[in-house]
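S.K.: Let me give you the structure first, and then I'll get to my questions.
What follows draws every value from the coordinates through simple rules; no lab data is involved. Everything numeric in this text was worked out from a predicted model, so none of it was measured. For neighbour counting, all protein chains shown are included, and Cβ atoms are generated from backbone atoms with ideal geometry for every residue, glycine included.
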Amino acid sequence: MGAVATTTIAGVMLVRRGRAKPVGSMTQLGRMAPATGVTRDAPLLRDVVPLASLDQLRFGGWDIFADDAYESALGAGVIEERDLEPVRDELRAVRPMDAVFYPGYVRRLNGTHVKRACSKAEMVESVRSDIRKFKAEHGCDRLVAIWCGSTEVFQRPSATHATVRSFERGLTEGSDDISNAQIYAWACLEERVPFANGSPNLCVDFPAALELAREHAVPVAGKDFKTGQTMLKTALAPALKARLLGIHGWYSTNILGNRDGAVLEDPGSFRAKEATKLGVLEQILEPELNPGLYGSLAHKVRIDYHPPRGDAKEAWDSIDLFGWLGYPMQIKIDFQGRDSILAAPLVLDLALLLDLAARAGLSGPQEWLSFFFKSPAAVAERRVEHSLFVQQRMLEDALRRMASRDADARVDA
Ligand SMILES: NC(=O)c1ccc[n+]([C@@H]2O[C@H](COP(=O)([O-])OP(=O)(O)OC[C@H]3O[C@@H](n4cnc5c(N)ncnc54)[C@H](O)[C@@H]3O)[C@@H](O)[C@H]2O)c1
């Protein structure tokens, strides 16, 4: 029930009442471009692939605070009170289920709306039972889960995360290696619920979770929504590289004042975010192939919590580049974004596309959804792709394949 989750839920409710436009959502506004050439009449993507419609969606979630989605949305201060008014009752009906909360993974928060259980294995069972109850109460045919919870502390996969068996042992023994987010993710995989991780922490991107996802044929995706500064970085860096312009330095700094910002003040949570934000430039610029242009690149990322800003994040980039004959130049970017306004359409798109993936029989890490993430899932030996435009092509190619399979199935039927 945080800022991103409630902005998504309230937004969908407003859009389906015709009160607002789903700006930023590829599934609602995007068109299916042809594989080659340019056309004037590319059809809407949602007319080509069989996506669930907004009217079919029901929302649920967990939080460590008891506030319903209306109170939380008001508290988050992203959508104004007068804009929430038309969907107030609908939002009030979305009440968080009791959360799994072992403190220590998110050090700046302390909630009271939490489950009690004797072991982490019992916690998984409790989340599974919530999922089944939600599905029955709301008459849902299918479910999808998107992690919009706080960023947990940085963690590398350990021996506990190695296999399904070792993870299950860790759950029974209450291993400290297993975080809250991992407990939710495990419960979802056990219930065959496709899962995407919108935050930078370890969640479904470790061998045991991938093994379970494959065993149960569940699609998974992650991690860390690519919404603002990194989205621009992964659009601009390929352009500079395409022109063979050199880069000496890329300094990125952010201020934000929402609860996410408060959580990121903790060095453990910041480290998780820093890792996903830093990774992108090297892969795009390939300094090993272009040492004279990018071999000495200094890349720094900072995030500062500044309460007066609320959700209105400001991100600055200062890029030191050089051109013909090595002459230096600079680019300055000042992105005055709104964190949750940028993230909400991605949550909606991921929910609809993961549901589509499950129906198309896809499982395991969904590389074609890299477009939405700062730190996308790597598949087998292939390198992770960060360029926004290559990611967009991968997404469109996958949808085109699904569209033609769907058309074939309709013809067969
Ligand atoms: N543009 C963006 O907004 C953006 C971009 C990339 C990633 N993210 C990530 O999305 C996530 C959500 O961001 P936000 O701005 O909504 O943050 P937020 O702090 O408003 O919301 C997070 C919510 O998670 C809840 N929570 C924490 N631990 C929990 C647990 N164990 N069980 C259930 N609930 C729990 C908190 O109480 C809070 O309500 C963060 O991890 C953030 O890093 C956001």
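S.K.: Once the piece of chain linking Ala217 and Glu85 is laid out straight, how much longer is it, given 0.36 nm per residue of separation minus the C-alpha distance between them? Working shown, then result.
M.R.: On the way: separation 132, 0.36 × 132 = 47.52 nm, distance 4.09 nm.
That works out to 43.4 nm of additional length.
S.K.: Using DSSP H assignments, which helices in the chain have an axial alpha-carbon span of 30 Å or above and a mean Kyte-Doolittle hydropathy of 1.0 or higher?
M.R.: Counting only whole DSSP H runs, the qualifying helices are 339-359.
S.K.: I'd like the antiparallel share, as a percent to the nearest 5, of DSSP beta bridges with both residues in the chain.
M.R.: Working: 20 of 39 bridges.
In the chain, DSSP labels about 50 percent of beta bridges as antiparallel.
S.K.: At Ala360 and His248, where each label point lies 7 Å from the Cα along Cα→Cβ, what is the point-to-point distance in nanometres?
M.R.: 4.6
S.K.: Rounded to the nearest 500, what is the 222 nm mean residue ellipticity of the chain from helices alone, with -39500 (n - 2.57) per DSSP H run of 4+ residues and division by all residues?
M.R.: Values: 16 runs with 177 residues, N = 413.
Calculated mean residue ellipticity at 222 nm is -13000 deg cm²/dmol.
S.K.: Residue by residue through segment 45-54, what is 3J(HN,Hα) from phi via Karplus (6.51 cos²θ - 1.76 cosθ + 1.60, θ = phi - 60°)? Round to whole Hz and write x for glycine and proline.
M.R.: Per residue, the Karplus-derived 3J(HN,Hα) values read 4, 6, 8, 9, 10, x, 7, 5, 8, 4 Hz.
S.K.: On to the next question. At 7 Å along Cα-to-Cβ for each site, give me the label-to-label distance between Val23 and Arg192 in nm.
M.R.: Those two pseudo-labels are separated by 4.1 nm.
S.K.: Additional query: Alpha carbon centre of segment 264-286 versus segment 108-159: separation in Å?
M.R.: 25
S.K.: Here's something else I'd like to know. Contour minus end-to-end for Lys332 and Ala42, with contour as 0.36 nm per residue of separation and end-to-end as the Cα-Cα distance?
M.R.: Details: separation 290, 0.36 × 290 = 104.40 nm, distance 3.53 nm.
Stretched out fully, the Lys332 to Ala42 stretch lengthens by 100.9 nm.
S.K.: Compute the whole-percent fraction of alpha carbon pairs in the chain spaced more than 34 Å apart.
M.R.: More than 34 Å apart: 30 percent of the Cα pairs in the chain.
S.K.: I want the antiparallel fraction of DSSP beta bridges within segment 239-386, as a percent rounded to 5.
M.R.: Details: 18 of 26 bridges.
Of the beta bridges lying entirely in segment 239-386, close to 70 percent run antiparallel.
S.K.: Where in segment 146-178 does the label zone of Tyr102 land, with the point 7 angstrom along Cα→C-beta and an amide N cut-off under 11 Å?
M.R.: Inside the label zone: 170-178.
S.K.: Against the globular-protein guess of 2.2 N^0.38 Å, express the Cα radius of gyration of segment 7-162 as a ratio, rounded to two decimals. The partial results should precede the final answer.
M.R.: Working: Rg = 19.3 Å, N = 156, 2.2 N^0.38 = 15.0 Å.
Dividing the Cα Rg of segment 7-162 by 2.2 N^0.38 Å gives 1.29.
S.K.: In bins 5 Å wide, starting from 0, what share of all Cα pairs of segment 182-241 does each bin hold, as a percent?
M.R.: Distribution as computed: 4, 18, 25, 15, 10, 10, 10, 5, 2 percent.
S.K.: Would you work out which of Leu84, Leu57, Ser72 lies farthest towards the positive end of the dipole of segment 53-95? Charges go on Cβ: Lys and Arg +1, Asp and Glu -1.
M.R.: Leu57
S.K.: May I have the convex hull volume per residue, in Å³, for the Cα set of segment 1-58?
M.R.: It is 108 Å³ per residue.
S.K.: Separate question: Which residues' amide hydrogens lie under 5 Å from the amide hydrogen of Gly364, considering only partners 5 or more residues apart or on another chain, with H built in the peptide plane?
M.R.: Sorted by chain and number, the residues that satisfy this are Val218, Val220.
S.K.: Continuing with the same structure: Report the charge-dipole magnitude of segment 312-389 in Debye, nearest 20, computed about the Cα centre from +1 at each Lys and Arg Cβ and -1 at each Asp and Glu Cβ. If you can, show how the numbers build up before the last one.
M.R.: Values: 7 positive and 10 negative charges, 20 e Å.
The dipole of segment 312-389 has a size of about 100 debye.
S.K.: If amide H atoms are built 1.01 Å from N in the plane of the peptide, which residues on other chains or at least 5 residues away come under 5 Å of the amide H of Phe373?
M.R.: Lys226
S.K.: Amide H to amide H under 5 Å from Leu321: which residues, 5+ apart in sequence or cross-chain, H placed 1.01 Å off N in plane?
M.R.: So Leu321 has HN proximity to His248, Met329, Gln330, Ile331.
S.K.: Between Val390 and Arg302, with labels modelled 7 Å along Cα→Cβ, what's the label distance in nm to one decimal, could you check?
M.R.: 3.1
S.K.: Okay, next question. Got a sec? Charge dipole of segment 268-379, +1 on Cβ for Lys and Arg, -1 for Asp and Glu; which of Trp316, Ala378, Leu285 is way out at the positive end?
M.R.: Trp316
S.K.: Shifting gears a bit: Please report the base-10 log of the normalised intensity I(q)/I(0) for segment 229-336, using a Debye sum with one equal scatterer per alpha carbon and no solvent, at each q in 0.11, 0.14, 0.16, 0.19 (1/Å).
M.R.: For the requested q values the scattering log ratios are -0.38, -0.58, -0.73, -0.94.
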